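Contents: one structure, followed by commentary.
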Amino acid sequence: MAETIEYDLIVIGGGPAGYAGAIRAGQLGKKAACIELERAGGTCLNWGCIPTKALLKSAELYQKIKKSETFGISVKEVSFDFAKVMERSRTVAGQMAKGIEFLFKKNKVDYFVGKGEVTAAGLVSIVDGEHKGKFFKAKNILIATGCKMRRLPDLAVDGARVMTSREALANKSLPKSIVIVGAGAIGVEFAYFYNAFGSKVTLVEMLPQILPVEDEEVAKTLHRSFEKQGIVIHTGTKCENFRVGPNSVKLNLVKDGKSEEVEAETVLSAIGVVANIEGVVSKNVPVALDRNYVKVGDDYQTNVKGIYAAGDIIGPPWLAHVATFEAVSAVNGMFGHGTPHRVKNFPGCTYCQPQVASTGLTEQAAKEKKLNYKVGKFPFTASGKAVASAESEGFVKVISDAQTGEIYGAHIIGSEATELIAEYGLAIGLEATIEDIHQTIHAHPTLSEAVMEAAAATTGEAIHI
């Protein structure tokens, strides 16, 4: 039997949960190792959050240049090289992955590329890859293997006619037409991206609104904006009877019992994710699952002592920043640095144009909970900075307790929404009130003034509306 190395912590998975957990252990002076199947950074950094944002920035810049006359600037013969757009995205991802590898070295974390498996409590082996056959002992094990894209049933992914986001990020040719199945954040972002570069985009969502987890008013505003941009949207609609041909895909869109056939060069599945649990834990280790996700307590420990889990592998909301928080909290707890707790307050962001960001309760959720609430709302059309920047689409909406002013939730659609939402996240965490936001002086002119004005609007005190 090969030599067994002992660690204070072994992490299986090198994504936002895994690498953050391993680095935090290193910061605490613990001997830590991280085993990642492909490359440091996981899906988010290599095939998700980071490369898609690079693509979306290219799309945004291309659209702005096309509208440069608005700013009194003439640009002739605007064109793009789609292969270079995609190549830049991969370069950005590669650069960031190297950054994680550097952080491992800096914090003395041993990094192994391969498939790790928990073979027994306190024991991990690498069962595939160049380090296959290595065994590790650990007082603590953190499972952080995340999720992978859910595929459409009975439809083979070939990277040309049928794709998930992973294949889309490797495809260097722009489809003339595309049907995107699923209008969550991933589907919506790809719809914006492909449409910006001239693809004929059809976006299909089974539920009644695009971005189903977002506030209804925000979703309706984005729906209208997308249709103005030329995206065809079908909500409350199912996709059936896919027929993949050599040059196109045909399918039926079914709504209210009526069926319509559509045809496109490519279909992109964005219908959600499934847990990466297969082969991660030996059948001899009785780690409990809940709907195929690893079940954990408030300290992120499973039912097996010394085995923890964090990130997407423990279930929704499937967000990188939540995964990082969970893993760091779990590691702090296992080594006696504070009391870990499960995430309740977090931002959700969609990086299309206009951007969408939210935290806390939607208005629908406040109604369902029968809370006595008020709504404050401020449009970017009344923001001097937004108008000066020709980015006046959207609004800030805040929901608060009608008596105390405690903030229940905030929802932003518009330019830089994903940056602006942090203030309301902090406010909710500190149990601040709308009056606290209103009485905080915001620089003029800035987009952030809209955050303050929305709070002021709750009590009819907004100056600029």
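Full extension from Phe197 to Ala422: what is 0.36 nm times the residue separation minus their Cα-Cα distance, to one decimal in nm?
Gain in length upon complete extension: 78.0 nm.
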When Tyr194, Tyr7 are ordered from fewest to most other Cβ atoms inside 10 Å of their Cβ, what list results?
-> Tyr7, Tyr194
If we count every other residue with Cβ under 12 angstrom of Ile463's Cβ, Lys/Arg +1 and Asp/Glu -1, where does the sum land?
-> -3
At R0 = 56 Å, FRET efficiency that the Cβ-Cβ distance of Ile5 and Ile441 yields, to 0.05 | 0.50
Nearest-20 debye value, region 354-457 charge dipole, Cβ charges on Lys, Arg, Asp, Glu | 340 debye
Project the alpha carbons of region 354-457 onto their principal axes and report the range along each, largest first, in whole Å.
-> 40, 25, 20
Compute the separation of the alpha-carbon centres of region 229-304 and region 87-136 and state it in Å as a whole number.
-> 27 Å
Can you give the helix-only mean residue ellipticity at 222 nm for the chain, where every DSSP H stretch with n ≥ 4 adds -39500 (n - 2.57) and the sum goes over all residues, rounded to the nearest 500 deg cm²/dmol?
-> -9500 deg cm²/dmol
Which of the pairs Lys220/Lys374; Lys139/Lys295; Lys64/Lys250; Lys369/Lys397; Lys258/Lys369; Lys295/Lys344 have their Cα atoms more than 24 Å apart in this structure?
-> Lys64/Lys250; Lys258/Lys369
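Considering all projection directions equally, how large on average is the shadow of the alpha-carbon convex hull of region 9-91, in square nanometres? Numbers along the way, then the final one.
Working: hull surface 30.1 nm².
Convex hull of Cα atoms, orientation-averaged projection: 7.5 nm².
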Going by how many other Cβ atoms sit within 10 Å of their own, how do Asp312, Asp256, Asp401 line up, fewest first?
-> Asp256, Asp401, Asp312
Quick one: which residues, 5+ away or cross-chain, put their amide H under 5 Å from the amide H of Ser177? H built at 1.01 Å from N.
-> Lys200, Glu265, Thr266
Would you kindly derive the ³J(HN,Hα) couplings of region 194-206 from the backbone phi angles with the Karplus curve 6.51 cos²θ - 1.76 cosθ + 1.60 (θ = phi - 60°), listing them in order in whole Hz, with x for Gly and Pro?
-> 5, 5, 4, 9, x, 5, 7, 10, 10, 10, 10, 10, 5
When the distances between all Cα atoms of the chain are binned every 20 Å from zero, what whole-number percent does each bin get?
-> 23, 51, 25, 1
FRET efficiency (Asn303, Ser68; Cβ distance; R0 60 Å; to 0.05) is 0.50
Any idea what angle helix 216-229 forms with the longest principal axis of the chain, computed on alpha-carbon atoms, 0 to 90 degrees, nearest 10?
-> 70 degrees
Full extension from Phe135 to Lys250: what is 0.36 nm times the residue separation minus their Cα-Cα distance, to one decimal in nm?
-> 36.5 nm
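If you wrap a convex hull around the C-alpha atoms of region 162-271 and split its volume per residue, what is the figure in Å³?
Working: hull volume 10.0 nm³, N = 110.
Once divided by residue count, the hull of region 162-271 is 91 Å³.
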Distant-in-sequence amide H partners of Thr235 (H built 1.01 Å from N, under 5 Å) | Glu205
Name the lysines eligible as straight-distance cross-link partners of Lys134: C-alpha to C-alpha under 16 Å, and not fewer than 8 places from it in the same chain.
-> Lys115
Spin-label proximity, Leu61 to region 97-112 - amide N less than 17 Å from point 7 Å beyond Cα toward beta carbon = none
Tell me, what HN-Hα J-couplings in whole Hz come from the Karplus equation 6.51 cos²θ - 1.76 cosθ + 1.60 at θ = phi - 60° for each residue of region 14-22, using x for Gly and Pro?
-> x, x, x, 6, x, 5, 5, x, 5
Too long at a 20 Å Cα-Cα cut-off: which of Lys53/Lys176; Lys30/Lys137; Lys53/Lys172; Lys67/Lys228?
-> Lys53/Lys176
Applied in sequence order to region 315-328, the curve 6.51 cos²θ - 1.76 cosθ + 1.60 (Karplus, θ = phi - 60°) yields integer Hz couplings, x standing for Gly and Pro, of x, x, x, 6, 10, 4, 5, 5, 4, 4, 4, 4, 5, 5
Sorted by packing (mean other beta-carbon atoms within 10 Å per residue), highest first, where do 343-349, 38-44 land?
-> 38-44, 343-349
Whole-Å distance linking the alpha carbon centroid of region 159-199 with that of region 142-157 is 17 Å
The set of residues whose placed amide H lies less than 5 Å from the amide H of Cys147, leaving out same-chain residues fewer than 5 positions away, is Asn276
Could you name the aspartates and glutamates in cross-link range of Lys305, using Cα to Cα under 19 Å and dropping any fewer than eight places away on the same chain?
-> Glu6, Asp8, Glu117, Asp290, Glu326
Euclidean distance between Cα centres, region 447-463 to region 306-361, Å = 29 Å
GluC sites (Glu not before Pro) lying in DSSP loop within region 90-196, provided at most 13 other Cβ fall within 10 Å | Glu130
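FYI, it's all coordinate maths here, none of it is from the lab. Every value quoted in this text rests on a predicted model; they were computed, and no experiment measured them. With ideal geometry, Cβ positions are generated from the backbone for all residues, glycine too; neighbour counts draw on all protein chains shown.
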